[in-house]
Amino acid sequence: MALLHVDFFSDVLGMSMNMDVILPQQTQGQIGMEGKQAQGCCKTVYLLHGMSDDHTIWQRRTSIERYASKLGIAVVMPTTHLGFYTDTTYGMNYWTFIAQELPQICREFFPQMSDKREDTLAAGLSMGGYGAWKLGLGASDTFGAAAALSGALDIVEDVKRNNREKPHLIPLFRGIFGSLEELADSDNEIMTLAGKLKDKKKELPRLYAWCGTEDFLYQGNLTVWEYVKKLGYDLVCEESSGDHQWKYWDAKIQDVLRWWLGTDIDLQ
C-alpha cells in the first residue's frame, strides 16, 4: 500500500485542509503484509472521524491500512474538525466540502479512484457515523453505501443529551445546527433525510450500522434503525455487548468492509 499525507486547499471552506489517503499497491516482498492491486478503478472508502479526533485517528487506533491492503481498495481519511459534516449556521460549509468538493478533489488528484456510486462507501464512527449516513442519504448519487459504527444517528436527542451533560457545548451545537427547533425536521436530521430520499424514488443506498448495547448512543440507534427499516431501506444493523471505544471499532470496520464488498475474506 501507499500512504499519502495530503495538504490541499478547500475553496468551499476557504482554508487549507488535510487528508491521509491509502492507495492499493501490488507487493510481493513486504514482510508481514499482503499487497493486492485494484482490479480496474479503485473502490474507495471515505472514512470519517469522531468529535475528538482528526484525519490521523483511524491509522493510529486501527489496522485499516493492513485491511485495505488485502482488499485492494483506496481509503480517504479527511479532517473535518468539529463541523458535524454540516453547513453550519456560523458559515463553515463542511457538508458541501465533504459531499461535493472532496470527492471531486480526490478523483482529480487520484484518477484511479472509481467515480461509480456502487464503488464508493462512506463509513465512520460516532460523529463520523452520523456523517457517513448523512452522505449516503444526502449525497446518494456519489455514495452508494454508508456504514455507521456507534453513530450519533439520532442527532436531536444527542444534542439534547450534550446540552444537559456538557452545557459548555451549547454554543457549539447552536453554532452548527441552530436551535433544536431548526434542527428537527431539517436535512441535518437522519430520519427526515431518509424520508425525503425515499419520496424522491431514487436509487437508495445500502446501509450498515453497529452499536454496542452499553453505548450511550445505543437507544438513539435503535430509534433510527427502526424508522429506516420501515421505510424499506436495505439495512444491516447489528448490536453486541460493548461501549464507545476503539477495540470495537477496529473489529467492526473489518465487518463493514466485508459487508460492502460481499466477501468473507479474513482480514487479520
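Data table
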read-out: Radius of gyration, Dmax [region 60-116; alpha carbons; angstrom]; value: 13.9, 42
read-out: Carbon + sulfur, % of accessible area of region 1-152 - ligands and nucleic acids excluded, 1.4 Å; value: 45
read-out: Zero-based 5 Å bins, Cα pair distances in region 110-267, whole percents; value: 2, 9, 18, 21, 20, 15, 9, 4, 1, 0
read-out: Residues with amide H under 5 Å from that of residue 237, placed H, sequence gap 5 or more; value: 209
read-out: Kirkwood Rh and Cα Rg combined as Rg/Rh, region 1-94; value: 1.05
read-out: Computed over the chain: relative contact order in percent, which uses C-alpha pairs under 8 Å that are six or more apart; value: 16
read-out: Candidates 209, 145, 251: whichever shows maximal mean-square fluctuation once the chain is modelled as a Gaussian network with Cα springs under 10 Å; value: 251
read-out: Relative contact order (%) - region 154-264, alpha-carbon pairs under 8 angstrom, separation at least six; value: 24
read-out: Computed Rg/Rh of region 112-173, alpha carbon atoms with Kirkwood Rh; value: 1.14
read-out: Surface per residue (accessible, 1.4 Å probe) for region 126-175, Å²; value: 31
read-out: Rel. contact order, % - alpha carbon contacts under 8 angstrom, at least six apart, region 1-145; value: 25
read-out: Taking all pairs of distinct alpha-carbon atoms in the chain, Kirkwood radius in angstrom; value: 18.6
read-out: Computed Kirkwood radius, in angstrom, where 1/r is averaged over Cα pairs of region 170-263; value: 15.2
read-out: Ratio of the Cα radius of gyration of region 224-268 to 2.2 N^0.38 Å, where N counts its residues; value: 1.36
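The values are calculated or read from the model by the stated rules, or taken from the named source; none is laboratory data. Since the structure is predicted, the reported quantities are computational estimates derived from the model, not experimental observations. Just so you know, the surface numbers come from the protein's heavy atoms only, side chains and all, with ligands and any DNA or RNA stripped out. Shrake-Rupley method; radii C 1.70, N 1.55, O 1.52, S 1.80 Å.
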